[in-house]
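Reading through the structure tokens given below for one structure.
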Amino acid sequence: MKIDVAHIAKLANLTLSLKEAEKFAPQLSEVLDYVKKLTEVDTKGVIETSQVTGLENVYREDVPAPSLTQEEAVTGATTHHNGMFQVKGIFADE
Amino acid sequence: MSITALTIEEARNLLDTKQISSVELTQGFLDRIKKYDENLKAFLTVVEDTALTMANKADKRLKNGETTPLLGIPIALKDLFVTQGIRTTAASRVLENYVPQYDGTVVRRLKDAGAVILGKTNCDAWAHGSSGENSDFEPTKNPYNPAYVPGGSSSGSPTAVAADMCLGATGTDTGGSIRLPAGFTNTVGLKPTYGRVSRYGVIAMASSLDSIGHFTKTSSDSAMFLSVTAGKDPRDATTPEKAVPDYLKDIQKGVKGLKIGVPKEYFIKGLDSRIKIQTEQALGILERQGAKLVEISLPHTEYAIAVYYIVQTAEVSSNLARYDGTRFGHDRSHFGDEAKRRIMLGTYVLSAGYYDAYYKKAMQVRTLIKQDFEKAFDPADNGVDVIITPSSPTLPWKFGEKMADPLKMYLSDIFTVTANLAGIPGLTVPAGFIDGLPNGLQILGPHFSEELLFRVGHAFESEKAYWTEKPAL
């Protein structure tokens with residue numbers, strides 16, 4: 001199983017060095033070859049399991065509860081401005 | 001006997017009868033951490049002052065006659081548990097400077113119950129691994145032989161328990177990250193039923209599989225710990241409105257009349273023959289105590305790792321997408337190799353055109369694995385009460401042995417991933433030693449059967465108290 005590591009890294013928002021890409025490609029291919037064994041299993045009509053204890057539609061009352069203040073919320077950020085997270089410009093290279 | 005060699009149950013008794021104080025106990029563990037952890041590397045952060053302040057508070061509550069299971073008991077937290085004001089790293093460079101603004105639910109419950117937090121323990125970064133070697137900081141050593149791995153991903157927590165550096169420690173189990181290292185370190189490790197313990201404020205690995213559990217020296221201690229952490233949490237919608245039973249009530253009832261299933265698919269080529277023999281000896285002990293052994297079949301077992309490495313990596317890629325260095329932590333260039341591999345595998349299996357072939361297929365086979373267990377436990381179908389298997393096909397391995405071959409590392413979890421896929425609880429208890437290295441026994445039960453698992457674990461320990469065999473540090 002060949003895997004386009006550069007393309008996948010781009011989708012995953014990861015920057016890989018050439019050396020990393022060369023190392024990962026065979027390792028990822030080996031795992032993908034291994035998981036192919038699932039094709040042996042007949043799953044026609046089998047319903048997928050995503051919630052394993054069978055809970056459905058868990059609701060709560062829509063009432064505000066104590067939460068972080070704006071000041072607290074930004075304490076983990078390396079850069080913040082006026083109590084807001086500061087990010088790079090999206091449309092320009094600023 | 002030194003106070004650090006106590007169990008939670010024993011310490012509880014001494015605290016309640018005022019023979020020791022929580023401050024004394026806490027200081028004892030802090031001293032031991034100083035003495036031994038430079039070599040073992042079980043802790044990433046030790047909070048000496050905080051611990052002593054908490055111990056002081058606990059002593060006041062004890063003086064007022066309060067008695068709750070963990071009041072004044074010194075514990076450690078896997079560094080995936082978010083702690084207000086205490087650095088929380090997930091053992092990853094991405095979060096090496098992250099100081100959370102809040103406590104996760106389990107941390108909050110432990111604090112409210114008066115447990116004393118000694119520090120945060122090492123693990124594979126983001127809980128990705130089976131040996132502890134994927135820690136972005138440094139690997140934890142097996143206290144029984146420092147040339148060997150303690151198992152992972154929760155590597156520091158069981159090491160801290162086994163080396164008497166705390167009385168209990170939390171862990172997370174997504175594919176075996178509690179049960180495998182418990183077996184490698186001569187400790188008791190509980191992976192509760194999915195949803196029994198809240199995941200809120202525990203750094204997410206794979207959300208449909210993550211179970212929040214803990215390590216202790218005995219099954220009784222594990223039961224006491226769960227009585228504090230279990231229960232409904234409005235902040236985690238997967239925790240059901242299901243009453244938390246008194247886990248100690250029937251723990252001494254024994255195994256007489258219980259039916260123990262022994263799945264033939266777990267006694268296969270690749271299982272160390274010495275582990276096979278030791279597991280059979282353990283089963284023999286339970287049989288002599290009155291349990292009935294029944295050979296059963298869990299036919300889809302061989303597909304579990306393949307299902308797991310699709311479902312888990314898919315969910316990992318999604319959960320780790322949030323770490324971009326904007327709100328906290330460093331940017332994505334700080335991820336280690338294993339996190340990068342899993343993010344890419346997950347991204348690949350979820351990418352356009354591959355979803356049905358990988359993710360959907362895996363979720364379907366997951367259903368079949370779950371049904372294998374449902375059938376095995378079905379009372380209407382002459383089912384068994386619990387299932388017993390080894391917790392690992394091999395003994396602990398030497399550092400470096402599996403690091404160049406990720407698939408080989410992944411296959412270490414072959415006996416544990418099934419319980420995560422089915423959402424059932426599992427308890428690992430010490431099964432003895434082979435060549436001086438610990439070996440574990442895994443007890444599995446139906447959803448929300450933790451009480452029964454403790455009962456079986458306790459019955460075995462009452463005859464084979466391997467936890468009393470301490471490592472020579």
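Readers should treat all values here as calculations from the given coordinates under stated rules, not as data from a laboratory. These figures come from a predicted structure and were not determined experimentally. Cβ: placed from backbone, ideal geometry, glycine included. Neighbour counts: every protein chain shown.
The distance separating the Cα centre of region B:334-402 from that of region B:252-302 comes to 21 Å. Residue-wise HN-Hα couplings along region B:76-85, as the Karplus relation 6.51 cos²θ - 1.76 cosθ + 1.60 with θ = phi - 60° gives them from phi, are 10, 10, 4, 6, 9, 8, 5, 10, 4, x Hz; Gly and Pro carry x. Dividing the Cα radius of gyration of chain A by its Kirkwood radius returns 1.15 for Rg/Rh. Footprinting exposure proxy ranking of B:123, B:166, fewest other C-beta atoms within 10 angstrom first, gives B:166, B:123.
Extending 7 Å from Cα along the Cβ direction at residue A:20 and again at residue B:374 yields two label points whose distance is 4.2 nm.
Going from the residue with the fewest nearby Cβ atoms within 10 Å to the one with the most, B:21, B:135, B:273 rank B:273, B:21, B:135. In this structure the amide hydrogen of residue B:383, modeled in the peptide plane, comes within under 5 Å of the amide hydrogens of B:378, none closer than 5 places in sequence on its chain. Computed from label points 7 Å out along Cα-Cβ, the spacing between residue B:269 and residue B:31 is 5.5 nm.
Rounded, prolate or oblate: which fits region B:134-246, taking a ≥ b ≥ c as square roots of the Cα gyration tensor eigenvalues, rounded meaning a/c under 1.5, else prolate when a/b beats b/c? It is oblate, given that a/c is not under 1.5 and a/b is not larger than b/c. Here r is the Cβ-Cβ distance between residue B:101 and residue A:61 and R0 is 30 Å; the resulting FRET efficiency, rounded to 0.05, is 0.75. Remark: spin-label model distance residue B:288-residue A:46 equals 4.1 nm, labels positioned 7 Å along the Cα→Cβ axis. Taken as Cα centroids, region B:450-466 and region A:20-90 sit 37 Å apart, rounded to the nearest whole angstrom. Under the combined filter of DSSP loop state and at most 11 neighbouring Cβ atoms within 10 Å, region A:20-94 retains these trypsin sites (Lys or Arg not before Pro): A:44, A:60, A:88. From least to most packed, judged by other beta carbons within 10 angstrom and beginning with the fewest, B:8, B:296 follow the order B:296, B:8.
Can you flag which of B:35/B:408; B:60/B:120; A:19/B:78; B:340/B:360; A:2/B:408 are past 29 Å Cα-Cα? Flagged as over cut-off: B:35/B:408; A:19/B:78.
Normalised by the number of residues in region B:3-468, the average gap of Cα pairs under 8 Å and 6 or more apart makes the relative contact order 17 percent. Using the Karplus relation 6.51 cos²θ - 1.76 cosθ + 1.60 with θ = phi - 60°, the per-residue 3J(HN,Hα) values for region B:281-288 come to 5, 4, 4, x, 4, 5, 5, 5 Hz, with x marking Gly and Pro. Rounded to the nearest 20 debye, the dipole magnitude of the protein assembly as shown is 400 debye, with +1 charges on Lys and Arg beta carbons, -1 on Asp and Glu beta carbons, and the Cα centre as origin. By the rule of a C-alpha distance below 23 Å, with chain neighbours fewer than 8 residues away ignored, the lysines paired with residue B:464 are B:191, B:217, B:249, B:253, B:256, B:259, B:276, B:292.
Shape class of chain B from the Cα gyration tensor (axes a ≥ b ≥ c, square roots of the eigenvalues): rounded, since a/c falls below 1.5. Residues in region B:126-134 carry Karplus couplings, in order, of 6, 6, 9, x, 10, 10, x, 6, 7 Hz; the curve used is 6.51 cos²θ - 1.76 cosθ + 1.60 with θ = phi - 60°, and Gly or Pro positions show x. Less than 5 angstrom separates the built amide H of residue B:298 from those of B:264, B:265, all sequence-distant by 5 or more or on a different chain.
When both region B:159-218 and region B:94-139 are represented by their alpha-carbon centers, they are found 11 Å apart.
In terms of the Cα gyration tensor, with a ≥ b ≥ c the square roots of its eigenvalues, is region B:315-415 rounded because a/c is under 1.5, prolate because a/b exceeds b/c, or oblate? Cα axes put region B:315-415 in the oblate bin. Normalised by the number of residues in region B:21-110, the average gap of Cα pairs under 8 Å and 6 or more apart makes the relative contact order 24 percent.
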